[in-house]
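Comments concern the structure below.
Please treat every number below as a calculation from the coordinates, not as lab data. All values reported here derive from a predicted model rather than from experimental measurement. Quick reminder, even Gly has a Cβ in these numbers, built from the backbone with ideal geometry, and neighbours come from all protein chains shown.
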Amino acid sequence: MTRRMPGQIQHGVNTNDIPPRSSLPTLGLVHHPQTHRRRHAAEGLIRSAGVVLVIALTVSLAACGARRDPTVAPTLSAPADSGVTTRTDMVYREIDGQTLEMDACLPADGTAPTAAVILLHGGGFTQGSRSDESMTNLCVWLATNGYAAFPISYRFAPDYIFPSQTEDVAAAVEWLRDPEQVADFNIDPERIGALGSSAGAILTLEAATSGEGPTTVGSRLKAVVSLSGVADMTSGAVALGTPSAEAVTIILNYLGCTSLADCDGSAASPVTHVDSSDPPALLVGAEQDLVPIQQAQRMAASLDSVGVANEVIVVPGAGHGAQLMNQDVRDQTLAFLAENL
């Protein structure tokens, strides 16, 4: 039987749960006092639109993961009184001449191993960085709340197409589960989850539905949070406007296609790979999002069909990706992680 997260949105805020610096508002976070959760199954998608859905939104996804100023060295730091320690530029994979790295935000010293959360940035699969301000802010915020957080880099399209990016995520999970890293970071190898924004949310959902069996070993994830993730890239998805030539090029490059006619998005669509062993998912979207909320509802319906716990949070108004992390969503994210990770 499908289990959904119980209770109403919590409006009380414990200021001790928020990083003491004032960086979170720079994410574009806006506090909406009435964040609504809709936990009903998705309505059937009835208009066939090929992969136009993903094509139409990919240009916007790229804009949401804009690169930092290349003349400014990336920094990752936490307030001195937070107890959080940070590390940067740790190599977790070397492949095809590329070195893939991750950073870390570690909670205050404790005796018990902590749960780990991998952070996946947006950028339309062609840009973005683990040192984007939204990722560094989320990293410190999670560590302030007792989680070891790890923003990672992954390979970009068009040079590397699906499933290269999901393979990178899997490698990062396996690297963290190595006994050397487990001891170094004082993490629990059976409690590794992921949180992704925009394109990173797609990778989060793809990683969550890759493989089957226990979520405590290998590259499996224990719990996932998706901020504006696309779950369905098949011909049954709903179209969003008329795609530009640039958008078509981006999605074709990501999926490794030469034309829309031969572009089958089912292999990259998390909804086509769900099974009963997949981890619980928190699916967040906005009423006016670059990714229609029906995507989250479609993923929820797929998880419902196999009995996997999930929750859909609908943020009023406009927003996308990390912009959705208003105070209510942050509270519910912590509650979700506390219960499932």
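Key figures
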| read-out | value |
| --- | --- |
| Mean-position separation - Cα centroids, the range 263-293 and the range 109-137, in angstrom | 20 Å |
| Part-to-part distance (alpha-carbon centres) for the range 296-326 and the range 198-235, which is given in Å | 13 Å |
| Anisotropy class of the range 123-230 from Cα gyration tensor, a/c 1.5 cut | oblate |
| Nonlocal amide H pairs with Thr85, under 5 Å, H built at 1.01 Å | Leu106 |
| Summed side-chain charge close to Val173 - residues other than Val173 whose Cβ falls under 14 Å, Lys, Arg +1, Asp, Glu -1 | -2 |
| Likely footprinting exposure, Met102, Met90, Met233, fewest C-beta neighbours within 10 Å first | Met90, Met102, Met233 |
| Extension gain (nm, one decimal) between Ser305 and Ala80, 0.36 nm per residue minus Cα-Cα | 76.3 nm |
| Rg ratio (alpha-carbon, reference 2.2 N^0.38 Å) - the range 114-174 | 1.17 |
| Simple spin-label estimate for Ala318 and Thr111 in nanometres, 7 Å along Cα-Cβ | 5.3 nm |
| Under Karplus coefficients 6.51, -1.76 and 1.60, residue-wise ³J(HN,Hα) of the range 115-127 in Hz, glycine/proline x | 6, 10, 10, 7, 10, 10, 6, x, x, x, 6, 10, 7 |
| Within-11-Å neighbourhood charge of Gly229 [Cβ basis; K, R +1; D, E -1] | -2 |
| Charge sum, other residues only, whose C-beta stays under 14 Å from Gln323's C-beta, Lys/Arg counted +1 and Asp/Glu -1 | -4 |
